[in-house]
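Before anything else, here's the structure in question.
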Amino acid sequence: MQLLRKLGFPVSLIYALVVYLRNYFYDVGLLSSKAYKTRTICVGNLSVGGTGKTPMIEFLVANVKDRGRIAVLSRGYGRKSKGFLLAKPAIGVEDLGDEPYQIYKKFPNAHVAVDADRQHGISILEETIGPDIILLDDAFQHRKVRCDQYVLLTSHSNLYVDDWYLPSGNLRDSKREARRANIIVVTKCPSKLSVAEQQIILKKLNPDPNQQVIFSYLEYQTTLKGNSKEMDLAELKNKKVTLVTGIADPKQLVSFLSAQGIVFEHLAYPDHHFFTDKEIALFNNREVVLTTEKDYVRLAGKGENFYYIGVGHKFMNGGEEVLLNLLGESLTAP
């Protein structure tokens, strides 16, 4: 893989040029972006996958759901439907995509929709739902929409300032575009990241004076949930465990489980992978199958031995209040 990335370096230069020109055309007005009457918050990143966007969306939904009508608009990556689709009880995970479906199942009172055309999706939501806030999931690079606030996520282990453009690196957008962010969240940090280490990262990121940088780490739940049943994480120490993941970056989950003294085999699949009947039959021959919540929505009801481990962001140094203040501004701004 590293060899292929090195061989792809000339392609990455062309990609970087295309990305630069596209953003330049938006900056000077040759390409137009549209603002909307509904307050919009964009949650995204500059790289491909693995920064914790879905837990961030869930945090924001959880903290605004009692203060106004909230809608979430996603592309619905990997879904088997087309165009605009609003989540309803009869709509399945293959129609919405795994991440929007997960959000809808967890927050059924939120209006979760998918549309690759974000302008079209926002227009329909305004016409039919009239939300107070629209959260745009994974839309930082979608310049056709001009949002009110931008939350940019970057992983502690792969800061965007240290990355390079596809296919040699993981960047899909220019590092310069970080200047559009109101808040930069350094995600997946070690839980005891020191102040000195935070200062080193701040120096690397070099935020503008009007930008706030906060740090978070992933906190895994110790109660595992399955098909109408639960299991304590510690019980896995006495069982034969198979970890099944179809996410962009399972390294932190693998490290967490290992640190808990759990012995397991790990079956890793591509991000957003829809499991085949043959794969599910394989899982059903295992004693306990542990997976992520995102993967579980594609496996629910297909085996009695399937459990998922929930995860959420925990913020350092009052970072949670920074995000809640952002929500407050969105709800009170004219």
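The values are calculated or read from the model by the stated rules, or taken from the named source; none is laboratory data. Since the structure is predicted, the reported quantities are computational estimates derived from the model, not experimental observations. Methodologically, a virtual Cβ is constructed for each residue, glycine included, from the backbone with ideal geometry; neighbour enumeration extends over all protein chains shown. Remember, those area values only see protein heavy atoms, side chains included, never the ligands or the DNA or RNA. Shrake-Rupley method; radii C 1.70, N 1.55, O 1.52, S 1.80 Å.
Return the residue satisfying two criteria in turn: it lies in region 85-103 and is in contact with a Ser or Thr (Cβ under 9 Å, 6 or more places away or on another chain) and assigned to a loop (DSSP other than H, G, I, E, B), and of such residues it is most open to solvent (accessible area, probe 1.4 Å).
91
Which ones in region 60-85 are in contact (Cβ under 8 Å) with a residue 60 or more places away in the chain and under 25 Å from residue 270 (Cα atoms)?
Keep residues of region 60-85 that are in contact (Cβ under 8 Å) with a residue 60 or more places away in the chain, which gives 60-61, 63-64, 67-75, 77-78.
Matches in region 60-85: 72, 73, 74, 75, 77, 78.
Residues checked against (1) under 26 Å from residue 101 (Cβ atoms); (2) open to solvent by 50 Å² or more (accessible area, probe 1.4 Å):
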{"site": "144", "(1), (2)": "yes, yes"}
{"site": "149", "(1), (2)": "yes, no"}
{"site": "153", "(1), (2)": "yes, no"}
{"site": "162", "(1), (2)": "no, yes"}
{"site": "177", "(1), (2)": "no, no"}
{"site": "184", "(1), (2)": "no, no"}
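Follow-up question, since we're still on this one. Tell me which of these residue 176 doesn't satisfy, since it passes every other one: (1) of a type outside the set (Phe, Trp, Tyr); (2) part of a helix (DSSP H, G or I); (3) under 19 Å from the mean Cα position of the chain (by Cα).
(3)
Another one. Quick one: which residue in 50, 44 is assigned to a loop (DSSP other than H, G, I, E, B), open to solvent by less than 50 Å² (accessible area, probe 1.4 Å) and not assigned by the TED database to the domain that holds residue 294?
Working: 44 fails: assigned to a loop (DSSP other than H, G, I, E, B).
It is 50.
Looking at (1) at pLDDT 95 or above; (2) crowded, with 23+ Cβ neighbours inside 10 Å, which is the only condition residue 76 fails?
Here residue 76 meets the rest and fails (1).
Out of all the residues in region 1-12, which are in contact (Cβ under 8 Å) with a residue 40 or more places away in the chain and part of a helix (DSSP H, G or I)? Step through it out loud before you land on a result.
Just the residues of region 1-12 that are in contact (Cβ under 8 Å) with a residue 40 or more places away in the chain, to begin with: 4-6, 8-9, 11-12.
Residues satisfying the conditions are 4, 5, 6, 9, 11, 12.
Can you tell me which residues in region 267-286 are of a type outside the set (Val, Ile, Thr) and either within 22 Å of the chain's Cα centre (by Cα) or within 12 Å of residue 298 (Cβ to Cβ) (or both)? Can you show your working first?
Quick first cut of region 267-286, residues of a type outside the set (Val, Ile, Thr) only: 267-275, 277-279, 281-286.
Within region 267-286, 267, 268, 269, 270, 271, 272, 273, 274, 275, 279, 283 meet the criteria.
Given (1) part of a strand (DSSP E or B); (2) more than 20 Å from residue 320 (Cβ to Cβ), identify the lone condition not met by residue 214.
Unmet for residue 214, out of (1) part of a strand (DSSP E or B); (2) more than 20 Å from residue 320 (Cβ to Cβ): (2).
In contact (Cβ under 8 Å) with a residue 24 or more places away in the chain, within 14 Å of residue 139 (Cβ to Cβ) and among the aliphatic types (A, V, I, L, M): is that true of residue 57 in this structure? First the steps, then the outcome.
Values: in contact (Cβ under 8 Å) with a residue 24 or more places away in the chain: yes; within 14 Å of residue 139 (Cβ to Cβ): yes; among the aliphatic types (A, V, I, L, M): yes.
Yes: the conditions hold for residue 57.
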